[in-house]
1. Exactly one condition in (1) surrounded by 11 or more Cβ atoms within 10 Å (Cβ to Cβ); (2) out of contact with any strand residue (DSSP E or B) (no Cβ under 7 Å at 6 or more places or on another chain); (3) modelled with pLDDT of 95 or more; (4) part of a loop (DSSP other than H, G, I, E, B) is false for THR52; which is it?
2. Hey, does the stretch 78-89 have a residue that's of a type outside the set (Gly, Ala, Ser), within 18 Å of LEU107 (Cβ to Cβ) and part of a helix (DSSP H, G or I)?
3. Considering only residues that are surrounded by fewer than 12 Cβ atoms within 10 Å (Cβ to Cβ) and either free of Cβ contacts under 8 Å to residues at least 40 places away in the same chain or acidic (Asp, Glu) (or both), which ones fall in the stretch 88-104?
4. Kindly evaluate LYS37 against the criterion of being assigned to a loop (DSSP other than H, G, I, E, B) and either farther than 27 Å from TYR18 by Cβ or out of contact with any strand residue (DSSP E or B) (no Cβ under 9 Å at 6 or more places or on another chain) (or both).
5. With (1) loosely packed, with under 11 Cβ neighbours inside 10 Å; (2) not in a loop (DSSP other than H, G, I, E, B) as the list, and PHE70 as the residue in question, which single condition is left unmet?
6. Go through (1) part of a helix (DSSP H, G or I); (2) out of contact with any Ser or Thr (no Cβ under 9 Å at 6 or more places or on another chain) one by one and return the number of the condition THR57 breaks.
Amino acid sequence: MAAGTATLQHLSANRHIYSKMAGIVNEFSEKWQNCSKKTINHIGSMFTIFHTDKAVTNFIEAQNQSSDDFRKFFTEKLERGIYLPPSMFETAFISTEHTIEDMEKLLV
């Protein structure tokens, strides 16, 4: 609990951290959209890559993505040491330690 309390105190005293993380995800999302047909949704420090070229705004639309494409993408990234959520219905979060260079590793 002490570590959790210290983290919350640090974040509360350094609110700029949130906008920094959101900026990284925004920049990554733009780069993703420029080089991939797969849909990406994001807000703040969270993002989800959907394995479809159609917009995803609800669960029904999320179900209409390719599970085979997801498995291939997930496995390729895992083999390269990139740990993503193991379900195509989950969101990914970045931390204060992630950089745009880290995020760009998802583009290749």
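The values are calculated or read from the model by the stated rules, or taken from the named source; none is laboratory data. Source: prediction; values computed, not measured. As a convention, Cβ positions derive from the backbone with ideal geometry for all residues, glycine included, and neighbour counts pool all protein chains shown.
1. Status for THR52: all satisfied but (2).
2. Yes, the stretch 78-89 has at least one match.
3. Passing the criteria: GLU90, GLU97, GLU101.
4. Values: assigned to a loop (DSSP other than H, G, I, E, B): yes; either farther than 27 Å from TYR18 by Cβ or out of contact with any strand residue (DSSP E or B) (no Cβ under 9 Å at 6 or more places or on another chain) (or both): yes.
Yes, satisfied.
5. (1)
6. So the condition that THR57 fails would be (1).
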